[in-house]
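Sending over a structure as structure tokens; questions will come in a sec.
Every number here is computed from the coordinates shown, using simple stated rules; none is lab data. Bear in mind the structure is a predicted one, so any value in this text is a computation, not a measurement. Backbone-built Cβ (ideal geometry, glycine too); neighbour counts: all protein chains shown.
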Amino acid sequence: RRLESLTLALGSSAAEAMVRMRMLPPRLNPLLALSCRGSLVSALHGAEPPMQARAARALAALLELLVDQKKDKVADKVGKNLCTLLTPPPAAHTPSADAGATGATVGAAAAAAAAEAALQAAAHEAAARTAASGARLALTCCCSTFGDRLFDALPAIWHALHAPLTATPREAHALRSSLQLSRTMAHALTAAPASRLLSLLPHMLEAVTAVE
């Protein structure tokens with residue numbers, strides 16, 4: 001936990017320093033990795049809400065700097081990754097303790113394998129929840145940081161909202177991701193992007209009705 005807290009503080013500080021100086025290093029990947037890691041680690045146990053908010057604001061401000069310095073494709077890729085992390089794909093089915101059993105007795109090896117698979121699945125699910133929480137904070141901060149130009153500056157976010165709703169046929173996980181993204185960002189949008197999101201409401205109602 002201490003290492004994770006230090007990683008969070010370092011990532012946030014590095015991003016904030018770059019933003020304050022209005023400068024970007026020649027190689028962006030290490031800085032982006034550190035900043036994104038800081039934002040996502042902030043959701044782990046022990047991170048205080050102010051530190052979580054700081055990490056998310058730092059990442060959003062760094063994305064704004066990237067866009068302002070014509071690195072918009074890089075920023076948009078990060079925005080796309082945040083949308084993906086918000087709603088991870090469903091976990092693979094974990095075999096139960098009696099999977100592959102013959103008769104009523106489960107072999108010791110099969111039971112141990114099933115237990116190990118269950119532990120791995122639980123760890124994967126916990127990591128996915130952590131990433132989703134960090135992504136949620138960062139996306140909310142992007143709403144206030146970019147304001148009315150949000151969807152123009154980070155078109156991947158608009159695509160993640162719009163494309164699954166208008167696709168034919170609709171894909172279940174992509175549709176779920178779109179609705180979750182709408183729910184996450186709706187309260188934080190300024191007027192212009194909120195109006196664009198509102199234009200998707202008929203598609204949302206149609207999708208929900210079709211599922212029911």
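Please give the length that would be gained between Ala172 and Gln120 if that part of the chain were fully extended, namely 0.36 nm times their separation in residues minus their C-alpha to C-alpha distance (nm, one decimal). Kindly include the intermediate steps, with their values, before the conclusion.
Values: separation 52, 0.36 × 52 = 18.72 nm, distance 2.52 nm.
Gain on stretching Ala172 to Gln120: 16.2 nm.
Can you give the Rg/Rh ratio of segment 109-192, where Rg is from the C-alpha atoms and Rh is the Kirkwood radius?
Details: Rg = 17.4 Å, Rh = 15.0 Å.
Expressed as Rg/Rh, it is 1.16.
Sticking with this one: Near Thr190, within a Cβ-to-Cβ distance under 13 Å, what is the net charge of the other residues, with Lys and Arg +1 and Asp and Glu -1?
0
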